[in-house]
């Protein structure tokens with residue numbers, strides 16, 4: 001029953017990005033309560049995982065007795081980390097073969113991560129980009145920050161082509177505190193160019209997570225007759241046969257995904273492929289696994 005409510009098509013019918021985010025995060029947390037892989041109790045937002053060097057006097061030993069996992073009780077107003085979300089709104093993100101296009105899915109994911117950070121009292125910020133930085137919300141825990149983030153995500157519109165260089169220069173220029181950096185994109189660029197651009201963020205002590213958002217028809221296209229495909233960023237066209245889609249195209253997209261995954265791993269970046277038909281809580285679960293210090 002829970003997965004039905006977290007289905008992207010169902011989320012698309014909900015009015016308001018704040019309600020979408022709340023639905024996803026509430027469902028995600030409910031799933032954690034039932035999962036043996038996570039030791040969270042109903043006070044999820046009040047705890048964080050123990051990391052080496054933390055004061056053992058702050059460990060909640062009652063939680064440890066129940067879960068055999070070390071968690072520290074968080075005090076009101078404590079900020080454990082900083083989250084910065086980089087949201088790609090290039091023209092290709094507007095593609096969709098079902099109820100939710102890639103940009104809508106990316107919006108849902110960005111909103112849910114913002115909501116989760118707010119629940120954990122973490123500072124959160126946002127960079128919206130295509131070939132330039134279109135919007136920037138500086139990371140903060142001040143009152144009204146969640147509203148500012150959701151408003152910026154809501155009004156993000158498909159733009160032009162993707163240029164990863166500018167938003168990352170912006171990040172390096174304006175963000176001094178290390179934390180978690182989440183990049184949400186369809187990554188239609190050479191894997192080596194993407195990793196070369198993103199990798200410097202790791203040098204400043206950041207954890208970097210790449211969410212690769214693709215439509216099911218981009219991962220495994222299914223059609224019975226030749227179709228004319230249009231590049232949404234260059235307007236170039238290409239006639240594609242079903243045989244090409246099943247054969248050479250699948251090999252190419254699989255190779256692209258694998259190369260991006262391997263090169264990201266080699267650079268110390270975390271990579272997750274997100275099919276836009278996939279329930280959002282799975283992405284959040286992977287994010288939390290990284291946040292807790294690798295799955």
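The values are calculated or read from the model by the stated rules, or taken from the named source; none is laboratory data. What you see is a predicted model; the values in this text were computed from it and never measured. Cβ placement follows ideal geometry from the backbone for every residue including glycine, while neighbour counts extend to all protein chains displayed.
Count of the range 119-135 residues, restricted to those that are in contact with a helix residue (DSSP H, G or I) (Cβ under 7 Å, 6 or more places away or on another chain) and within 13 Å of residue 85 (Cα to Cα), is 7. Quick one: would you say residue 263 is farther than 24 Å from residue 94 by Cβ, touching a helix residue (DSSP H, G or I) at 6+ places or on another chain (Cβ under 7 Å) and either modelled with pLDDT under 70 or part of a helix (DSSP H, G or I) (or both)? Yes, satisfied.
Among the candidates 293, 283, the residue that is touching a strand residue (DSSP E or B) at 6+ places or on another chain (Cβ under 6 Å), closer than 23 Å to residue 28 by Cβ and at pLDDT below 80 is uniquely 283.
Applying the criterion of at least 2 residues that are in contact (Cβ under 8 Å) with a residue 60 or more places away in the chain and surrounded by 19 or more Cβ atoms within 10 Å (Cβ to Cβ) to the strands (runs of 3 or more DSSP E) found wholly in the range 82-147 leaves 82-88.
Inspect all residues belonging to the range 157-167 and state whether any of them is without any contact (Cβ under 8 Å) to a residue 60 or more places away in the chain and under 14 Å from residue 83 (Cβ atoms). No: zero hits. Remark: pairs (first residue in the range 280-295, closer than 18 Å to residue 183 by Cβ; second residue at pLDDT below 75 and assigned to a loop (DSSP other than H, G, I, E, B); Cβ separation under 6 Å; 6+ apart in sequence or on different chains) = 289/295. Anything in the range 215-233 that is touching a strand residue (DSSP E or B) at 6+ places or on another chain (Cβ under 7 Å) and at pLDDT 75 or above? List them, or say none. Listed by number, the residues that qualify are 216, 219.
Residue 16 passes every criterion in (1) modelled with pLDDT of 85 or more; (2) surrounded by 15 or more Cβ atoms within 10 Å (Cβ to Cβ) apart from (2).
If you scan the range 148-170, which residues turn out to be assigned to a helix (DSSP H, G or I) and farther than 23 Å from residue 21 by Cβ? Passing the criteria: 165, 166, 168, 169, 170.
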